[in-house]
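These notes are about the structure you will find just below.
The values are calculated or read from the model by the stated rules, or taken from the named source; none is laboratory data. Computed from a predicted structure; not experimentally measured. Cβ sites come from the backbone with ideal geometry, for glycine too, and all protein chains shown count toward neighbours. Surface areas here come from the heavy atoms of the whole protein model, side chains and all, with no ligands, DNA or RNA. Shrake-Rupley method; radii C 1.70, N 1.55, O 1.52, S 1.80 Å.
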Amino acid sequence: MTTAFVSTIVRKLSNRIKEIMKRLFFLIIATLILAESAAAGQGSSSKNIVITKTDIEKAGTSIPVSAIGERVGSVKLYVPRWVEATDATPAYAVVEGSIFPVDPNGWPINFRVLLPASWSHRAMQAGGGGMNGSITVREGKNPMINKGFVMYGSDSGHQGGMGGGGTVLASGPSGAKTDDWTLNEEAIRNLGYMQMKKTHDAAMVIIERIYGERPRFNYYVGGSQGGREGLMVAQRYPADYNGIISDVPIVSFSTLMLAPELIRIQEKPLANWVTPAKVNAIRAEFLRQCDKLDGLSDGIINNYMASRAIFDVTDGSGPVDPWVALRDPNGKDPKPEDNSTSARLTNGQIKTLEFVYSRFKFPSPLANGVKSFGMWLPTTDPESFGTITPTRYKGQEGALDNAPVHSSLGVLGVTGFLMQNLSADPLDYTEDKAMNKRRKQISEWLDATDPDLNAFYKHGGKIIITVGTQDFIASSGAQLDYFQSLINKMGQKKLDKFARLYVVPQAGHGLSGRSYKMNGDGESVMVKNIPAPNSNDKMDMIISWVEEGNAPAKTLVINNEGRIGEKQEGKGYILCAYPNYPKYIGGPQDQVSSYISSSK
């Protein structure tokens, strides 16, 4: 091989390399330009949309019924208003409307939409509370408006009553009384599920008219009744929402309304009446058997699963008679006024307690094949929300001639929805073939118990559900049973991809609580506050999960101010995902590092 030949080969190879490098250079430049262009385009499209006062007339005066996913009579929009910016809140528009029923004797759904002057392409539907009756979104300072969210909500399809107040845009039939809506099928179904869809669809039309496009991210956020609504939209309208926060949901709503009446019916015989004098003994017994189950006797019942298994006499997993230590040998109460921790209970009183703290089995399955209602868990507050009462009511043995008729937060669900007689005494409720049929029908409209969230999962939705174990306004037992049904239906692996099921031990309906001043050994202990997880932090969590793919940890840390984190250090408590609980492993009791998330 000659030198000239080698030089020729080297020269040709060098030129070829230069050509390849040249092409590669231009390819890299082109790629960078395209990437920059794409990023610029994405940045441009993600910029907030700005509106002014002149834009609000685009809302119009009505919405066609064809734009609403559930049947409606008509949709009226009122004159929109513009709210100027203040030091606390940016400028925003207010559009209000009424969705009129198909039934001419029905009730309208009044709704309100708040549209910020600078919109971040996000929207949030706000859930209700109690039995609803007033529009959930109010004007004024709101952190979500400051974040550029459109806010919208409704009165759920009736006006006044529990949750009432504020301006009524439209109301029910002329001459109707406040509670008459509970006798109207369309109004009940609106409360149960249809009002969420109708309000959502109306809001989407308004948003598109004002901003020129629909939200890229839509959220549903609510607690209690609003928590149930959040579950219901995931079950019934899974494509409408990207993220849902459901706090303390009243899952089995139809039976929750009935349960307080069932307890009073159970106490109709005087011998079954659990009097306030017995509260200390009941609490002490719960603590004696349950306080140490988490590894620490501190006045907090952390291990809610094992505690429930002890006192639920229907599941076959606990002792035959968990109340034996309080049961009087003769089955009678030797000292009815004894309010000490060593007071004795009658067989009838224990029968009532077994009813309250065990699953209530239905004569026949309700919606989604649910066969029981979870009732309540062992608690340090057994008299909470009127569960134990000093009063004998009309229809109970020993009641005075002028005794009051029993009432509770959800009594309209019994006298109205079920008995269909608002003048009825709820303690006259009985279950027969006709009532069981009515129970199932109401359950299908109201209960958010469907565990099949596959459609919501496939849509890419994310949901965070948080409950407390001492919630007597909702039912901790029903909530935990729904959690288990989700695991059974979806499987834990799939569920973890889109859902978080958090449990705050010893927390009530506001997701906060406190330890009791005495532990399971009967010793005095320092009372510790259990702060509710911060709502703003939860909102940030769901946004980050939905929009950035950052899934929250299954075990979180809640500090003494309620702020949520993941690093297990400092004072506070750990928030575990069902069925886990905070198990003490040693160290200072107020340090989160002294606990692990455990299911055993």
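Assorted remarks:
- Carbon/sulfur fraction of accessible area - the range 186-267, other protein chains in place, 1.4 Å, %: 47 percent
- Rolling a 1.4 Å probe across all protein chains gives Asp201 an accessible area of roughly 20 Å².
- Residue ranking by accessible heavy-atom surface, 1.4 Å probe, largest first, among Arg138, Arg308, Arg81 comes out as Arg138, Arg81, Arg308.
- Gain in span if fully extended, Ser423 to Ser62, counting 0.36 nm per residue against the direct Cα distance: 126.1 nm
- Computed from the C-beta positions of Ala455 and Asp328, the FRET efficiency with R₀ = 41 Å rounds to 0.15.
- Förster radius 60 Å - calculated FRET efficiency between Glu444 and Lys571 (Cβ-Cβ, nearest 0.05): 0.80
- The range 228-329: C-alpha pair distances exceeding 17 Å, %: 71 percent
- Close amide H partners of Val557, meaning residues 5 or more places away or on another chain with modelled amide H under 5 Å apart, are Gly565, Glu566, Leu575.
- Relative contact order (%) - the chain, alpha-carbon pairs under 8 angstrom, separation at least six: 12 percent
- Centre separation in Å (Cα based) which lies between the range 510-567 and the range 333-350: 36 Å
- Other residues lying with their Cβ under 11 Å from the Cβ of Gly562 contribute a combined charge of 0, Lys and Arg counting +1, Asp and Glu -1.
- Computed about the Cα centre, the dipole magnitude for the chain is approximately 2300 debye when only Lys and Arg (+1) and Asp and Glu (-1) carry charge, each at its Cβ.
- Label separation (Asp401 vs Glu337): 2.7 nm, computed from points 7 Å beyond Cα along the C-beta direction.
- Residue ranking by accessible heavy-atom surface, 1.4 Å probe, largest first, among Ile310, Ile585 comes out as Ile585, Ile310.
- For Val65, solvent-accessible area (1.4 Å; no DNA, RNA or ligand), Å²: 70 Å²
- Length-normalised contact order for the range 45-88 - Cα pairs under 8 Å, 6+ apart - percent: 35 percent
- Segment Thr86-Glu213, length gained on full extension (0.36 nm per residue, minus Cα span): 43.0 nm
- Summing Lys and Arg as +1 and Asp and Glu as -1 over all other residues whose Cβ lies under 14 Å from the Cβ of Gly318 gives a net charge of -3.
- Of the whole protein surface, Val370 contributes about 40 Å² of accessible area at a 1.4 Å probe radius.
- Once the 1.4 Å probe is applied to the protein heavy atoms, the range 113-177 comes out at 34 Å² accessible per residue.
- Heavy-atom accessible area, probed at 1.4 angstrom with all protein chains present, ranks Arg563, Arg344 as Arg563, Arg344, highest first.
- Length gained when the stretch Met435-Ser171 is fully extended (0.36 nm per residue, less Cα-Cα span): 92.0 nm
- DSSP bridge orientation in the chain - percent antiparallel, rounded to nearest 5: 60 percent
- For the chain, alpha-carbon Rg relative to the globular expectation (2.2 N^0.38 Å, N residues): 1.16
- Rounded to whole Hz, the Karplus (6.51, -1.76, 1.60) HN-Hα couplings of the range 253-262, x for glycine and proline: 4, 4, 7, 4, 5, 7, 4, x, 6, 5
- Relative contact order (%) - the range 182-292, alpha-carbon pairs under 8 angstrom, separation at least six: 18 percent
- Peptides 186-193, 463-470 ranked from most to least packed, by the mean per-residue count of other Cβ atoms within 10 Å: 463-470, 186-193.
- The range 437-552: C-alpha gyration tensor shape, a/c 1.5 cut-off, then a/b vs b/c: oblate
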